[in-house]
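To keep things clear, I will list the structure first and then write my remarks on it.
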Amino acid sequence: MTNLLEKFNKQQMQALAKEIPEFRPGDDLKITFKVVDGTNERIQIFEGVCISKRNRGLSSSFMVRKVSHGESIVSQFFVYSPALVSVQVTRKGKVRRAKLYYLCKLFGKAARIKERTTYKSNKSK
């Protein structure tokens, strides 16, 4: 029974696979997704900080937080959802935790995250 479920999940993951870049919690993301209002369908952009990432096969998801008009908005996106159009990493953040739920209570300068820099080693002889 579990083999059938695993096969089905793998087939669905291959069918719904998208080009999603490598990102971690603390990174600033720009998510484009489809919103359906009755018969109308439009594309909306959600831009914020990745708070958590969950890797569970077909039910993999990530949470993004943004501040809009002084209110903290947290939204969860499923990686293999047909509503998800694209994900872009706008800035890489340097954090020491895997889940950044404490950011939901912080605003302004207190909610800042340092930028992660990658250095290339120049060991040429």
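Residue 58 fulfils the conditions (1) assigned to a helix (DSSP H, G or I); (2) under 10 Å from the mean Cα position of the chain (by Cα) except for a single criterion, (2).
Which is assigned to a strand (DSSP E or B) and over 30 Å from residue 112 (Cβ atoms), of 41, 47? Give the derivation first.
On the way: 47 fails: over 30 Å from residue 112 (Cβ atoms).
When all the criteria are applied, what remains is 41.
Answer yes if at least one residue in segment 45-52 is out of contact with any helix residue (DSSP H, G or I) (no Cβ under 6 Å at 6 or more places or on another chain) and more than 22 Å from residue 97 (Cα to Cα), and no otherwise. Within segment 45-52 (the criterion being out of contact with any helix residue (DSSP H, G or I) (no Cβ under 6 Å at 6 or more places or on another chain) and more than 22 Å from residue 97 (Cα to Cα)), the answer is yes, since at least one residue qualifies.
Applying the condition of being of a type in the set (Gly, Ala, Ser) and in contact with a strand residue (DSSP E or B) (Cβ under 8 Å, 6 or more places away or on another chain) to segment 40-80 and asking which residue is farthest from residue 13 (Cα to Cα) yields 72.
Looking only at segment 72-87, which residues are outside any loop (DSSP other than H, G, I, E, B) and either β-branched (Val, Ile, Thr) or more than 12 Å from the chain's Cα centre (by Cα) (or both)?
Filtering segment 72-87 down to residues outside any loop (DSSP other than H, G, I, E, B) leaves 72-78, 84-87.
Matches in segment 72-87: 72, 73, 74, 85, 87.
Considering only residues in segment 90-105 that are surrounded by 14 or more Cβ atoms within 10 Å (Cβ to Cβ) and of a type in the set (A, V, I, L, M, F, W, C), the one that is nearest to residue 22 (Cα to Cα) turns out to be 95. Within segment 1-34, the set of residues being without any contact (Cβ under 8 Å) to a residue 60 or more places away in the chain, surrounded by 11 or more Cβ atoms within 10 Å (Cβ to Cβ) and either assigned to a strand (DSSP E or B) or of a type in the set (Val, Ile, Thr) (or both) comprises 31, 32, 33, 34. Collect the residues in segment 35-89 that are surrounded by fewer than 13 Cβ atoms within 10 Å (Cβ to Cβ) and acidic (Asp, Glu), keeping them in residue-number order. Listed by number, the residues that qualify are 37, 41, 71.
We did not get these values from a lab; they are worked out from the coordinates using the rules stated. Every value quoted in this text rests on a predicted model; they were computed, and no experiment measured them. All Cβ positions, even for glycine, are placed from backbone atoms using ideal geometry, and neighbour counts span all protein chains on display.
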